[in-house]
Structure formats: C-alpha cells, structure tokens
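Trainee: Before we start, here is the structure in question, set down as structure tokens.
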Amino acid sequence: MKVFRNLTAAGNLKAPHVGIGNFDGVHLGHQRILEAAIRGARAAGGTAVAMTFDPHPLSILSPTGRPPLITPFEEKVRVLEASGLDVLLVVPFTRELSAIPAESFVSDVLSRQVGAKRVYVGANFHFGRGGQGDFELLRREGGRLGIEVEKVDVVLLDSRPVSSTRIRDNIARGAVDRAALMLGREYVVTGRGVPGRHRGKGLGFSTANITTESELIPADGVYVTRAELAGSSLPSVTNIGVRPTFGEKERVIETHILDYEGGELYGVTVRLAFCQRLREERRFDSPEALRAQIEMDVAATRAWFSRPAAHP
C-alpha cells in the first residue's frame with residue numbers, strides 16, 4: 001500500500017475508488033466501506049483508495065472535546081495496509097480545509113485533485129463547512145461531475161450499529177472482548193519497555209513495565225494479553241493500575257510474558273493485544289497473597305490460550 005500525504009500526489013491514480021472516513025479504530029463498519037471500495041476497484045480495473053484525515057478533525061475544531069483515539073496513526077496505517085488497499089491518501093486537516101463548502105470539497109478535492117471515479121461513505125457521513133454536506137449532497141454534486149457515490153450500510157452488533165463510540169466505551173470499562181467483536185481483532189496498545197520497581201520479580205513473576213503514547217488505556221485490572229515483540233506473539237498476563245498492595249499511586253502497565261527467556265525489554269517495542277479481562281485490580285493483605293493470586297492469573301491465562309479459538 002502506498003501512502004500519500006498530500007492531494008497533489010493522488011492526481012495520477014487510475015480510476016480511483018475512494019472510501020472516505022476518519023476510520024478511528026478501523027472497525028467492522030469501516031472495514032465494510034473499505035471492502036466495497038476494494039471490490040469496486042478490482043471490478044473496474046481501478047485503484048482502491050482510503051481517504052482519511054490527520055490530525056483527527058476534532059483536534060482542530062474542538063481540541064478539548066475530541067475523544068481519545070482508538071488507533072494512533074501508525075496503528076491505523078498498519079491495519080489499513082492489511083486490508084488490501086492500494087493507496088492510503090492522508091489529507092492534512094486544517095481550519096482552512098474545514099471552511100471549504102461541501103460543494104467545493106466535491107468539485108475541487110474529490111473531482112479535480114483526486115479524480116475519483118466512485119466514492120464510498122458510511123450512513124452518517126458529513127463533510128464540508130459546518131458538516132453541512134451529507135450523502136444526498138455528495139450524490140447530487142458527484143453525479144454532476146461524473147462521480148458515482150455509494151452509501152455503505154452500517155454493521156450491527158446486538159441490533160445496534162458498530163461505532164467508534166461504542167468501542168471506546170467498552171475499552172474504557174475493560175470489556176476488551178466486546179471491543180474485539182466490533183474491531184474484528186484484539187485491541188492493541190503499543191509501547192516500550194522501561195525500568196520499573198521490580199515488584200513482579202520479587203514475587204517470582206518478572207514483568208516488563210510498558211510506557212505508551214496510546215490515548216485509550218483499558219480500565220484498571222488484570223488481562224489476558226498477547227505480547228508481540230521481535231516478530232513473535234507470546235501469551236502474557238497484564239496488570240493495569242496502581243499496585244495498591246504496595247501503596248503506590250502511579251498508574252502503570254506491566255506485563256508478565258509466560259515462559260519468556262529473552263532478557264530485559266528496556267527500550268524494546270512491545271505491542272500488547274488485549275484478549276480478556278480476568279479480574280479487577282485489588283489490594284491484598286500481603287505479598288504472599290498477591291503471589292498466590294498471580295499464580296491463578298497465570299493459570300487462567302494458560303487455560304485461555306489452550307483453547308483452539310485462542311490461536312489465530
């Protein structure tokens with residue numbers, strides 16, 4: 001997948017079939033839009049394109065009102081590339097862009113600069129100044145300019161549309177398995193190993209402390225996770241919280257990688273894929289009681305990974 005960060009670079013694409021959206025999370029609803037664009041492009045001998053915006057529009061229009069991102073930009077690119085797209089067109093979002101009338105966005109951006117042959121959007125797509133553009137305007141203006149427009153149906157889970165908001169809510173309360181159903185994959189936090197207080201090692205379970213720039217961290221608790229590092233995916237159990245047994249207050253992410261013998265992870269990039277929440281974080285009466293609970297957490301994690309469905 002080629003990544004272009006300006007509209008000028010998109011001018012020579014062959015018959016672009018363009019799926020448009022912020023695609024935060026690249027969830028099942030987003031994937032349906034992208035699949036439609038890819039399918040249309042393949043049938044027409046064109047180019048399958050995803051058009052997205054960076055930074056997220058609300059970062060410019062309402063910085064204090066923007067929700068935490070589900071997928072940092074690098075993770076979004078990683079997921080989009082795996083979808084089979086030919087091109088990712090990243091449009092820099094500025095106040096100037098936000099002030100463009102919806103009709104001008106269709107004529108100047110989609111038609112003149114991108115040369116879109118067909119455009120695919122979700123049911124609630126809005127664009128242009130003040131969000132005044134909608135599907136009907138896009139279809140009307142696109143038709144006038146020779147651009148076909150397709151509205152892609154939402155994906156439902158439990159009779160409700162899959163949305164970035166629902167996914168954020170589930171992750172924030174620790175329901176990472178529910179979030180995974182809507183994402184179509186496990187939720188991932190990427191970070192680097194940093195020195196810690198060696199609490200886990202003192203209990204007989206060496207842990208790696210992970211620092212991350214991810215904005216959306218699951219609720220405090222203990223989770224079954226996959227630790228992806230150096231090309232390997234390893235079972236792990238991860239604690240998020242303040243380690244109340246030791247009277248600490250700093251919120252940390254620490255993971256114990258089962259049967260790991262690779263040495264310290266200081267400075268190493270680790271991707272933690274969250275599979276299942278085991279329990280809440282709580283204070284134990286003694287380090288010995290905590291160690292007994294960690295043994296049970298490790299056993300539960302091994303049991304989780306022993307299931308056939310746990311292996312991708």
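Trainee: Limited to the stretch 151-194, what total is found for residues that are charged (D, E, K, R) and out of contact with any Phe, Trp or Tyr (no Cβ under 9 Å at 6 or more places or on another chain)?
Mentor: Total satisfying the criteria: 9.
Trainee: I would also like to ask the following. So is residue 148 surrounded by 19 or more Cβ atoms within 10 Å (Cβ to Cβ), among the acidic types (Asp, Glu) and touching a strand residue (DSSP E or B) at 6+ places or on another chain (Cβ under 9 Å) or not? Please lay out each step first, then the result.
Mentor: Values: surrounded by 19 or more Cβ atoms within 10 Å (Cβ to Cβ): no; among the acidic types (Asp, Glu): yes; touching a strand residue (DSSP E or B) at 6+ places or on another chain (Cβ under 9 Å): yes.
It is false that residue 148 is surrounded by 19 or more Cβ atoms within 10 Å (Cβ to Cβ), among the acidic types (Asp, Glu) and touching a strand residue (DSSP E or B) at 6+ places or on another chain (Cβ under 9 Å).
Trainee: If we keep just the residues of the stretch 117-128 that are modelled with pLDDT under 95 and of a type outside the set (A, V, I, L, M, F, W, C), which is surrounded by the fewest Cβ atoms within 10 Å (Cβ to Cβ)?
Mentor: 124
Trainee: Residues in the stretch 70-84: is at least one basic (Lys, Arg), out of contact with any Cys (no Cβ under 9 Å at 6 or more places or on another chain), in contact (Cβ under 8 Å) with a residue 12 or more places away in the chain and buried (at least 18 other Cβ atoms within 10 Å of the Cβ)?
Mentor: Our first condition is that a residue be basic (Lys, Arg); within the stretch 70-84, this holds for 76, 78.
From what's left, out of contact with any Cys (no Cβ under 9 Å at 6 or more places or on another chain): 76, 78.
Then keep just the ones that are in contact (Cβ under 8 Å) with a residue 12 or more places away in the chain; that gives 76.
With buried (at least 18 other Cβ atoms within 10 Å of the Cβ) added as a condition, the list becomes 76.
Checked the stretch 70-84: at least one residue is basic (Lys, Arg), out of contact with any Cys (no Cβ under 9 Å at 6 or more places or on another chain), in contact (Cβ under 8 Å) with a residue 12 or more places away in the chain and buried (at least 18 other Cβ atoms within 10 Å of the Cβ).
Trainee: Within the group 196, 174, 200, which residue is in a helix (DSSP H, G or I) and either farther than 30 Å from residue 16 by Cα or modelled with pLDDT under 95 (or both)? Spell out how you get there, then give the answer.
Mentor: Working: 196 fails: in a helix (DSSP H, G or I); 174 fails: in a helix (DSSP H, G or I).
200 is the lone residue from the list that is in a helix (DSSP H, G or I) and either farther than 30 Å from residue 16 by Cα or modelled with pLDDT under 95 (or both).
Trainee: Only one of 274, 284 is among the aromatic types (Phe, Trp, Tyr), out of contact with any Lys or Arg (no Cβ under 7 Å at 6 or more places or on another chain), surrounded by 14 or more Cβ atoms within 10 Å (Cβ to Cβ) and at pLDDT 95 or above; which? First the steps, then the outcome.
Mentor: On the way: 284 fails: at pLDDT 95 or above.
Going through 274, 284 in turn, just one is among the aromatic types (Phe, Trp, Tyr), out of contact with any Lys or Arg (no Cβ under 7 Å at 6 or more places or on another chain), surrounded by 14 or more Cβ atoms within 10 Å (Cβ to Cβ) and at pLDDT 95 or above: 274.
Trainee: Could you tell me which residue of the stretch 1-37 is surrounded by the fewest Cβ atoms within 10 Å (Cβ to Cβ), considering only residues that are of a type in the set (S, T, N, Q) and touching a Pro at 6+ places or on another chain (Cβ under 9 Å)? Full working, then the answer.
Mentor: Start the filter on the stretch 1-37 by keeping residues that are of a type in the set (S, T, N, Q), which leaves 6, 8, 12, 22, 31.
Narrowing the set further to residues that are touching a Pro at 6+ places or on another chain (Cβ under 9 Å) leaves 6, 22.
Details: 6: 12, 22: 16.
Here the residue is 6.
Trainee: Quick check on this structure: which one of 49, 87 is among the aliphatic types (A, V, I, L, M), surrounded by 14 or more Cβ atoms within 10 Å (Cβ to Cβ) and touching a Lys or Arg at 6+ places or on another chain (Cβ under 6 Å)? Step through it out loud before you land on a result.
Mentor: Details: 49 fails: touching a Lys or Arg at 6+ places or on another chain (Cβ under 6 Å).
Answer to the selection: 87.
Trainee: What tally of residues in the stretch 117-143 results from selecting those that are within 21 Å of residue 163 (Cβ to Cβ) and in a helix (DSSP H, G or I)?
Mentor: Final tally of qualifying residues: 3.
The values are calculated or read from the model by the stated rules, or taken from the named source; none is laboratory data. Given the structure is predicted, the values throughout are model-derived calculations rather than measurements. Cβ atoms come from the backbone with ideal geometry, glycine included; neighbour counts cover every protein chain shown.
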